[in-house]
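Only one structure is covered here, and it is reproduced in the block below.
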Amino acid sequence: MSVIFSDTAKAEFDRLLTRYPDKEAVILPSLHLAQREFGFVSDEAIVYIAGLLGVSPAQIEGVATFYTMYNRKPVGKYHVQVCRNIACSLLGAEHLIEHVAGRLGVLPGGTTRDGKFTLSQVECLGSCGTAPVMQINDDYYENLTEASIDAILEKLR
Amino acid sequence: METVLTTHFADDGYRRIDTYRSFGGYDALRKSLSMTPEAIIDEVKKANLRGRGGAGFPAGVKWGFLPKDLSRPRVLVINADEGEPGTFKDRVIMSRGPHLLIEGIAIAAFALRVHISYIYIRGEFVREARILDEAVAEAYAAGFLGKNILGSGFDLDLTVHRGAGAYICGEETSLINSLEGKRGWPRLKPPFPASVGAFGLPTIVNNVETLADVPWIVTNGGEKFAAIGVEKNGGTRLIGVSGAVNRPGVYELPAGTNLKEIIYTHAGGIRDGKALKAVIPGGSSTPVLRPDEIDVSYDIESMAKIGTMAGSGGVIVIPEGTCMVRALSTLMNFYSHESCGQCTPCREGTGWLKKIVGRIEAGKGRAGDVELILDVCDNMMGRTICPLADAAAMPAQSFIWKFREEFDRHIGEQKCPYGNRF
């Protein structure tokens, strides 16, 4: 896969540069863009962004690895992230994580063989009033039950 | 009851500028532009508007910390990181009333003579970031942002900036570092952000709800806002109730509403007819309360008097039958995961708390472990750059002080009496 922004992404990147008094401030948005464009933040993507911003790849890497949302390794087409913090746990999240793991046949951290799903346990998604909650790619799924999880996963299969 | 924020939140169209304006939206901005910046700040001071992010610092006073010198540009940053477990109120404002926030930002920016502003929103809130982006574009198109706002000569640029998954970025100096494209490591204070903040410029960081209150204050006057709440604590608060209640959700209630009433009347009482075991009153870092302690006014001063905090307004309700060691273990996993690692007492302390509480829960606790936890907490509190170490130590101490027998039982029986489940 060639690591070069598409025209749309490049236009967005150029627009971002106008929004901050300092180029480095574009590092986080650029990493989001890279992840959207290339699926994950590869070493090549880090070198590419470093080149665009005129900073060292080490600096970009130091930032990329600090934050949990940047995937440094490929993830499945659907990244299923189930919250296991207190409000979700009080309403059965631990049990639901086991349920999802069983349905997908992978442990948290794993990706299904067909590359379609990656399962992660995450800390607080900030949606405690509609617990239990999971996030799949950009979308939240709230007030989860075993049945609703089955229906959601079935749709994505 | 008078509502400040949520009056029209049930109307889906309210997130669009036309509907917002049909309810008088942006009239407060128009009014502000005819006032002096000092007069606006005075109204906010009179309103007794306390920061809604957790610390509860008076907003008008914070604004007064900006240097008088106007030779350097200033920055207004909106803290929309909302990462404290149990807290989910700002998301409601951003998704239901984004223009309320944008109008509040524009008014505050005018009052603070700021021309550059950023909404730092937690990275996971992709949908809310999109809603805000759309609302910001609408506000630019209507002349409420950008150059020469409403012909006043006042300019303001506003950008929505997504974080990338780090609880620590809710701390204002971490947030500033993150905004600048760095790791979200907290900075030593002083210098305070008001003198040296984002991009080295004088900076004010305010929470979403704090700024969303501002248009109402300008429209109705600070005294009227102050009258809704209690002394020193004006207005309403968005209170998020989660956990084992019949009606979890966000409730807008006057500051100083009774906590028991919040849980039993507004949130409908405890689920499945169970009894109440404990309440974490203001987000996961605030000291836990027993059922006999919750007949209390939910305001900053009253909560402090009973040794806890109203914090970010996140009430987490724990029902009978919950293992408190397991609940604490869940929290310690969180704080250990989220420590940025910069300060040793926090990096090591949160790790040890996770390890010790975890082994007690797993039935491998040792005699003296409870004292060890308290000792670790003592060595964390107040010894780090930012309050994350305290945020981990406060629940650990309070769970032990108030539910000590459960820890002792785990260690004595060498197993979890609740079967290691919630």
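Readers should treat all values here as calculations from the given coordinates under stated rules, not as data from a laboratory. Predicted model, so just to flag it, every value in this text is computed and none were measured. We place every Cβ from the backbone using ideal geometry, glycine too, and count neighbours over all the protein chains shown.
Suppose R0 equals 35 Å; then what is the FRET efficiency for residue B:23 and residue B:258 from their Cβ-Cβ distance, rounded to the nearest 0.05?
My answer for the efficiency is 0.70.
What does the convex hull of the Cα atoms come to per residue for segment B:1-139, in Å³?
Taking only Cα atoms, segment B:1-139 has a hull volume of 133 Å³ per residue.
Pick out which of B:202, B:85, B:73 has the largest mean-square fluctuation in a Gaussian network model of chain B, springs linking Cα atoms closer than 10 Å.
Comparing B:202, B:85, B:73 in the GNM, the peak value goes to B:73.
Please sort through the DSSP H helices of chain B and keep those with an alpha-carbon extent of at least 18 Å along the long axis and a Kyte-Doolittle average not below 0.0.
Qualifying helices: B:98-112, B:126-141, B:324-338.
Suppose we keep just the alpha-carbon trace of segment A:19-157; what are its Rg and Dmax in angstrom?
Cα-based Rg and Dmax for segment A:19-157 come out at 17.0, 50 Å.
Taking H placed 1.01 Å from N in the peptide plane, check which residues at least 5 places from residue B:115 or on another chain put their amide H under 5 Å from its amide H.
It is B:74, by chain and number.
Take peptides B:119-126, B:206-213 and line them up by average Cβ neighbours within 10 Å, highest first, as a rough protection proxy.
B:206-213, B:119-126
Hey, which lysines would be in cross-link range of residue B:182, C-alpha to C-alpha under 30 Å, not counting anything within fewer than 8 residues on its own chain?
Cross-link targets: A:10, A:23, A:73, A:77, B:62, B:68, B:89, B:147, B:354, B:355.
Give me the net charge for the shell around residue A:89: Cβ to Cβ below 12 angstrom, other residues only, Lys and Arg +1, Asp and Glu -1.
+1
Springs between alpha-carbon pairs under 10 angstrom, Gaussian network model over chain B: which of B:331, B:188, B:259 fluctuates most?
For chain B, modelled as a Gaussian network with Cα springs under 10 Å, the answer is B:188.
Once fully extended, how much extra length lies between residue B:95 and residue B:152, figured as 0.36 nm per residue of separation less the alpha-carbon to alpha-carbon distance?
The span from residue B:95 to residue B:152 would gain 17.6 nm if fully extended.
If contacts are Cα pairs under 8 angstrom and at least 6 residues apart, what is the relative contact order of segment B:267-385 in percent?
21 percent
May I ask what percent, to the nearest 5, of DSSP beta bridges between residues of the protein assembly as shown are antiparallel?
The antiparallel proportion sits near 45 percent.
Provide a whole-number value for the mean count of partner chain Cβ atoms within 10 Å of the Cβ atoms in peptide B:313-321.
The per-residue average across the peptide is 2.
Please report the equivalent ellipsoid semi-axes of the protein assembly as shown, computed as sqrt(5 x eigenvalue) of the Cα gyration tensor, largest first, in whole Å.
Each semi-axis is the square root of five times an eigenvalue, giving 36, 30, 23 Å.
Quick one: which residues, 5 or more positions from residue A:77 or on another chain, have an amide H under 5 Å from its amide H? H modelled 1.01 Å from N in the peptide plane, none for Pro or chain starts.
So residue A:77 has HN proximity to A:116, A:117.
Using only the Cα atoms of segment B:191-246, what do you get for the radius of gyration and for Dmax, in Å?
16.0, 48
No other cysteine beta carbon under 4.7 Å away is the test; run it over chain A and list who passes.
Cysteines lacking a close Cβ partner in chain A: A:124, A:128.
Rounded to a whole number, what is D in µm²/s for chain B from Stokes-Einstein with the Kirkwood radius over alpha-carbon pairs (25 °C, 0.890 mPa s)?
Value of D from the Cα-based Kirkwood radius: 111 µm²/s.
Treat each spin label as a single point 7 Å out from the Cα along the C-beta direction, and report the residue B:320 to residue A:6 distance in nm.
5.8 nm
Given H placed on each backbone N at 1.01 Å, which residues far from residue B:124 in sequence or on other chains put an amide H within less than 5 Å of it?
Amide H to amide H, under 5 Å and 5 or more residues apart or across chains, residue B:124 pairs with B:165.
Just to check, using Stokes-Einstein with a Kirkwood Rh over alpha carbon pairs, what's the diffusion coefficient of segment B:290-409 at 10 °C and 1.306 mPa s in µm²/s?
So the translational diffusion coefficient is about 106 µm²/s.
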